[in-house]
């Protein structure tokens with residue numbers, strides 16, 4: 001009883017002092033898991049930014065062996081716009097794609113020449129985003145493809161054929177964990193394999209640098225404290241009815257403390273990508289603010305976090321229709337707008 005009362009006091013103190021995230025100057029020190037779980041839950045709603053080779057390929061997955069960094073043809077990078085849109089939408093964080101299966105890195109890595117600073121943009125996008133997040137009071141989380149079609153044993157463009165290079169995977173994660181400030185969580189994509197480093201080993205390695213960082217995996221070996229639900233919906237941890245890949249979920253896993261769900265702001269359509277910018281002809285396609293807001297309400301109800309995915313365009317800006325939609329969601333969240341009553 002005494003131990004439970006002590007934990008309750010810790011939670012109340014952290015919440016009363018507005019402790020909704022790890023301190024930016026002290027994120028290498030471990031804090032209580034229950035306190036940290038409440039901090040993650042308090043972020044509630046975030047923007048998933050997918051921007052990479054696939055933006056210019058027009059399809060979700062981009063075969064890579066015939067492409068170098070110049071394939072990324074972005075003419076601008078307006079991270080301030082991303083963060084302002086997130087702020088106006090009532091979001092607490094941005095989840096940023098650092099590397100997709102094609103291996104193109106959106107930070108100035110030392111592990112490969114296939115990186116954004118070697119493109120015509122010549123900009124460390126992650127570093128720029130970190131500054132914008134700090135400016136607007138937005139937290140930062142990172143997406144990372146575990147496998148890489150440039151690695152030994154890979155088959156270019158193929159599912160679960162991302163090759164193996166555990167030392168490079170570790171080197172990339174070390175850069176992300178040590179050069180860009182506090183990372184709230186990692187969204188690990190297992191679609192092309194684990195890169196030769198198991199999920200448990202991946203969690204342990206990241207926690208060596210950032211012990212309070214949550215890590216989740218969309219498929220594969222169950223590990224970490226974050227229950228990921230790709231294309232999912234609100235619901236309790238372990239609920240297999242709220243995610244498309246339910247056969248990968250293990251409700252018996254006891255270490256999950258928070259659930260996250262995500263889906264694209266683009267509705268299903270013919271041709272083009274879903275998670276990335278999907279060709280100019282689809283510029284008027286967007287899910288409704290009402291649908292997004294209802295899932296936000298569900299996220300809050302179940303203590304989930306909800307990442308709505310948007311894809312910046314060729315100029316590095318969020319589409320006008322996405323901006324307007326998310327601004328409307330923000331007005332629903334703030335109470336400035338009310339949902340229309342059903343007939």
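Values in this text are rule-based calculations from the coordinates and carry no lab data. All values derive from a computational prediction rather than experimental measurement.
Couple of notes before you dig in:
- Remark: segment 193-330 projects, on average over all directions, an area of 10.0 nm² (convex hull of Cα atoms).
- Rounded to the nearest 500, the 222 nm mean residue ellipticity of the chain from helices alone is -9500 deg cm²/dmol, with -39,500 (n - 2.57) taken per DSSP H run of at least 4 residues.
- Normalised contact order of segment 263-343, rounded percent, pairs of Cα under 8 Å and 6 or more residues apart: 32 percent
- Distribution of pairwise C-alpha distances over segment 128-189, 10 Å bins, in %: 20, 41, 26, 13, 0
- Radius of gyration and maximum dimension Dmax of segment 140-246, Cα, Å: 13.9, 39
- Per residue Cα convex hull volume in Å³ - calculated over the chain: 145 Å³
- Were the residues from residue 290 through residue 268 laid out at 0.36 nm apart, the gain over their Cα-Cα distance would be 6.2 nm.
- Among beta bridges identified by DSSP and lying wholly in the chain, the antiparallel ones come to about 5 percent.
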